[in-house]
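The values are calculated or read from the model by the stated rules, or taken from the named source; none is laboratory data. Bear in mind that the values here come from a model prediction, so they are computed numbers and not experimental data. For neighbour counting, all protein chains shown are included, and Cβ atoms are generated from backbone atoms with ideal geometry for every residue, glycine included. Areas reflect the complete protein model, heavy atoms only, side chains present, ligands, DNA and RNA absent. Shrake-Rupley method; radii C 1.70, N 1.55, O 1.52, S 1.80 Å.
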Amino acid sequence: MSWGDYNDYVPVAKRRAKALKKIEQLKKAGEDIQPIGPLPGRGLIAKSFWGKSWCRHLEQFSDYENRLPRGRSYVRNGAVYHLGIESGTVHAKVSGSSPYELTIHIEPLDAEKWESIKTGCKGRIGSLIELLQGKISDEIMTVVTDPDSGLFPHPDEIRFNCNCPDWADMCKHVAAALYGIGVRLDTEPELLFKLRGVNLEELITVGSDIEDLTGGNRSRRRRTLRADALEEVFGIDLDDDAPPAPRPPKKQKQPETPDFKPTGAAVRALREKTGLNQSAFAREIGVSAPAIAKWERTDGPLKLTARSLERLQQARKGS
């Protein structure tokens, strides 16, 4: 120990080596380790709309603006060797003079604020891909990033605890983890909604999806799902158990998809390019997660409905 109960300074290279060694040890022990960095260059910590917005939001508060920079080099040099985000909680492991563990608790988004955000976004966000990739209008950006009424937490909604000997309100390990959240949002922006305890799908326009599934039938007394929609939504083949219902002789016109060949491998590549998991991608295309899994397992061309082909092509253009 050095003066003031602080450990001696450890060079960046040594901290990084310690982090890598710890990662290997924990992985061998069967732990799910999710490291952050190291990050290239000396530019911004985060690159995406959501990641940069998270960092800017925290930096604008006087409580944090002088403390956060202490952790910037830590996250940039890969000292955050684990960062796990759950609903309301972030667990992190940071390599400093010793390995330290910390927890950040973030209060759920206030119900009235969430309702206000949904009202402000109603009918203005067309798809999960647009939302998660930050391809939204300036007006919607203002709604979701407002420092007082937006999605990001206010300092008085954040509590943290680190087992390091630093007595500061925010040690450099907590600061590194907070920046690490911004980096993680670059690749998994849906984690922001999970962290705040809200359902991101509530921001998406669903009226057109319902009409697609019901074949445009607007009757309030009865809505009937098309047979091909049932096959896609539930991931089953109806003709495995019963003869198919009679269909009109006129063939459904296939959309023009000159650049997209509907194969299992192509669907998987498109999904991975959008950064969505199978469940989120299924919601975007308007089918079930089992249907997406079935498509991706299929060898050769897929026989899909015109609607599914059109949705896949839209997803391809938006990615």
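Listing for the model above:
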{"item": "Residue among Arg218, Arg271, Arg297 that alone is open to solvent by 60 Å² or more (accessible area, probe 1.4 Å) and at pLDDT 85 or above", "result": "Arg297"}
{"item": "Selection within the stretch 126-172 - of a type in the set (A, V, I, L, M, F, W, C), surrounded by fewer than 18 Cβ atoms within 10 Å (Cβ to Cβ) and closer than 29 Å to Gly286 by Cα", "result": "Met141"}
{"item": "Residue within the stretch 16-28 that is of a type in the set (Gly, Ala, Ser), buried (at least 21 other Cβ atoms within 10 Å of the Cβ) and touching a helix residue (DSSP H, G or I) at 6+ places or on another chain (Cβ under 6 Å) present", "result": "no"}
{"item": "Filtered residue count, the stretch 64-111, keeping only those that are open to solvent by 50 Å² or more (accessible area, probe 1.4 Å), part of a strand (DSSP E or B) and polar (S, T, N, Q)", "result": "0"}
{"item": "Helices (runs of 4 or more DSSP H) wholly inside the stretch 266-319 containing at least 1 residues that are under 20 Å from Leu185 (Cα atoms)", "result": "278-285, 306-318"}
{"item": "Failed item in (1) out of contact with any strand residue (DSSP E or B) (no Cβ under 9 Å at 6 or more places or on another chain); (2) under 16 Å from Arg159 (Cα atoms), with Ser98 passing the rest", "result": "(2)"}
{"item": "Close pairs from the stretch 100-118: first farther than 30 Å from Cys164 by Cβ, partner of a type in the set (Lys, Arg), Cβ under 8 Å, at least 6 apart", "result": "none"}
{"item": "Test set (1) buried (at least 16 other Cβ atoms within 10 Å of the Cβ); (2) within 20 Å of Leu132 (Cβ to Cβ); (3) without any contact (Cβ under 8 Å) to a residue 24 or more places away in the chain - Asn277 fails condition number", "result": "(1)"}
{"item": "In the stretch 23-63, the residues that are modelled with pLDDT of 85 or more, of a type in the set (A, V, I, L, M, F, W, C) and outside any helix (DSSP H, G or I)", "result": "Ile36, Leu39, Ile45, Ala46, Phe61"}
{"item": "Residues within the stretch 119-133 that are assigned to a helix (DSSP H, G or I) and under 18 Å from the mean Cα position of the chain (by Cα), tallied", "result": "5"}
{"item": "Conditions (1) at pLDDT 90 or above; (2) crowded, with 17+ Cβ neighbours inside 10 Å; number of the one not met by Leu213", "result": "(1)"}
{"item": "Pairs where the first residue, in the stretch 29-55, is in contact (Cβ under 8 Å) with a residue 12 or more places away in the chain and open to solvent by 40 Å² or more (accessible area, probe 1.4 Å) and the second is assigned to a loop (DSSP other than H, G, I, E, B) and not small (Gly, Ala, Ser), C-beta under 8 Å, 6+ apart", "result": "Pro38/Asn77; Lys52/Leu44"}
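Yes/no per residue for (1) farther than 21 Å from Leu128 by Cα; (2) modelled with pLDDT of 85 or more; (3) open to solvent by 60 Å² or more (accessible area, probe 1.4 Å):
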| site | (1), (2), (3) |
| --- | --- |
| Pro244 | yes, no, yes |
| Arg247 | yes, no, yes |
| Lys251 | yes, no, yes |
| Lys261 | yes, no, yes |
| Ala265 | yes, yes, yes |
| Pro290 | no, no, yes |
| Ala293 | no, no, no |
